[in-house]
Each structure stands twice: as C-alpha cells, then as structure tokens.
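The structure appears below as structure tokens.
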Amino acid sequence: MSVEQYQRTVNRLEKEIADLEKKKADKDKSIAILQSKIISLKRSINKHTSPNSLAKKNRQIASYESDKAKKSKESADLEKKIAEKRRRLSEANLKLQKEQQNEQKKQEKITQQLKLSYENRIDDLQQQLVQSVIAPQQSNSDLADEEYDVFVSHAWEDKEDFVDELVVELRKQELKVWYDTNKLRWGDSMREKIDKGLAKSRYGIVVLSPNYIAEHKYWTKAELNGLFQMENINGKTILPIWHNLTKKQVTEYSPIIADRKALTTASMTAEEIAIELKNLFALGNMEES
C-alpha cells in the first residue's frame, strides 16, 4: 500500500473511533440517569409507604434496573469495539510511518542521484571551458593584446530594464565593451559566447539577477564556476553587479561570489556604475605606470 492509502486507513479508523466513543458516552449518560432514578425511588420508600405504592415503586425500580443492565452491556460492547479499533489504528500508524520512511529514502536517493548528475555536468562544463581558454592561448600569441576593456555576462531577460542602458553608459565613458546584443535562443551555448568575450577582455562584468540565478538555468552556475576557473588561469577580474537581488539571495546561490565586493542597482544608476568602472581603469593604469 502507498502512503496515501495508509493515511486514508488511519483517517477512517480515527473517525470510527470518534463515532463509537460518542455512542458510548451517550450510553453512559443514560446509565447515570437511570441509576439516579433508581436511587431516588429507593430513598422515597419508608415505613409510611402504602403497600400499593411500594409495589408500584418496586416495579419501576425493576424496570430501571433492567434498562440499566441492557445499556451497560451495550456500553461494554462499545468499549470492546473501541479497543479493537484502537489496536488496528496503532498497527495502521506503524505501517504508515514505515511507508513514509521508505518513501523518504526513495526521495533522498532520487535527490542524491540528481545532485550527482548535476555536479558531474558542471565538472564537464568546467573542463570544457578551461580547455577552450587554454588552447587558444597556446596557439595564438596575439590574444595577449586585449581588444576589449570589459565584457558583460548577463541573462537576456535583463537587457531591456538594465543591461542595455549599462552598455550605453560604459561606451559613453569610452570603454570598449564586448556585448552580445542578440537574445539567446533555445539551444544556444552561453559558454561559447563568454569564452570568446572573456578571452579578448580585460575585465568581466557579471550581472547577477533573479533571471541569472534562476533554478531552471543550470548553465548559469556552471558558467560562473567556469569564469572563476578562467580568472585563475588568465588573471582576469570578475566584477559582480547585483540587480534586483538581496545579500541573502546571492549568498544562497554562491557564497563565493557573495563574498566579493559588488555594486548594486539598488543604490547606483547605470551611469554611476559606468563611472566607477572608468575610475577603476584609471587607477589600474596609474598603478601599471
């Protein structure tokens, strides 16, 4: 039987026990009333009671006693039924708990398998991503000459409300921006696009948003892990921007990226963020000189 079937059995037995207990309570109440009447009649008999009245009261007492005995037997039968139902309920609860434990183990096994499959997929993507960066470095020396100041990694759903404006402001600051202006289509590989842009860029902006970290977008986490790998290899710097996200959301998604200093659209405009990046470049150029 399934958990649902055992639960229905438990619910049915609990209802039947409640109904039987109500019936027994009604019987016991009737017995108490009869006993009270019997006591009252017996107390009313004394030495002044006439023979006719005495005979009538004795007949009434006998009738009450008979009715009381009948109801007492019915109450006892109900008590036996209640005890039997409770025994069956106890067994049903044990079976329900056992089946719930079995179901939980099955779910945990399925979850573990999905987690392992997901982790293996991320590892595969990371390896592919690292290899795709290392190979061009070994074969093309001209990649050392960076063609872009910054590339922008983002979810295409955020283009209209923020990313497009950010790119415009970056270009106003005379920064060379690598930016995919086309929305991703079903089947497109964001990994390949980021590989190409990052390989030619000095900095990488990652616009973290609810769309970027959405649970169904497994590739975004794999891509972000890949960015960290490339950062270790190439010495590039990832610049996170929080867009419509809280500290808690970012931490739950990636404690590593949450620990990194970030700018947020909650307190800065696209223009202010672009100026901040321009200042970063100016400071970097001063340190290099």
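Regarding Leu143, is this residue among the aliphatic types (A, V, I, L, M), modelled with pLDDT of 65 or more and out of contact with any Gly (no Cβ under 7 Å at 6 or more places or on another chain)?
Working: among the aliphatic types (A, V, I, L, M): yes; modelled with pLDDT of 65 or more: no; out of contact with any Gly (no Cβ under 7 Å at 6 or more places or on another chain): yes.
Taking the combined requirement at face value, the residue does not satisfy it.
Take the conditions assigned to a helix (DSSP H, G or I), under 30 Å from Lys29 (Cα atoms) and without any contact (Cβ under 8 Å) to a residue 12 or more places away in the chain and apply them to Arg43. Does it pass?
For Arg43, the condition - assigned to a helix (DSSP H, G or I), under 30 Å from Lys29 (Cα atoms) and without any contact (Cβ under 8 Å) to a residue 12 or more places away in the chain - is met.
Which condition does Glu108 not pass, out of (1) surrounded by fewer than 13 Cβ atoms within 10 Å (Cβ to Cβ); (2) modelled with pLDDT of 90 or more; (3) among the acidic types (Asp, Glu), if it passes all the others?
(2)
Can you name the residue in the range 24-63 that is closer than 30 Å to Lys85 by Cα and of a type in the set (S, T, N, Q) and is also surrounded by the most Cβ atoms within 10 Å (Cβ to Cβ) among such residues?
Across the range 24-63, the extreme among qualifying residues is Ser30.
Only one of these conditions is not met by Asn93: (1) surrounded by fewer than 13 Cβ atoms within 10 Å (Cβ to Cβ); (2) in contact (Cβ under 8 Å) with a residue 60 or more places away in the chain. Which number is it?
Among (1) surrounded by fewer than 13 Cβ atoms within 10 Å (Cβ to Cβ); (2) in contact (Cβ under 8 Å) with a residue 60 or more places away in the chain, Asn93 violates only (1).
Please count how many residues of the range 238-276 are part of a loop (DSSP other than H, G, I, E, B), at pLDDT below 90 and over 24 Å from the mean Cα position of the chain (by Cα).
Number of matching residues: 2.
The values are calculated or read from the model by the stated rules, or taken from the named source; none is laboratory data. Since this is a predicted model, take the numbers as computed values, not measurements. With ideal geometry, Cβ positions are generated from the backbone for all residues, glycine too; neighbour counts draw on all protein chains shown.
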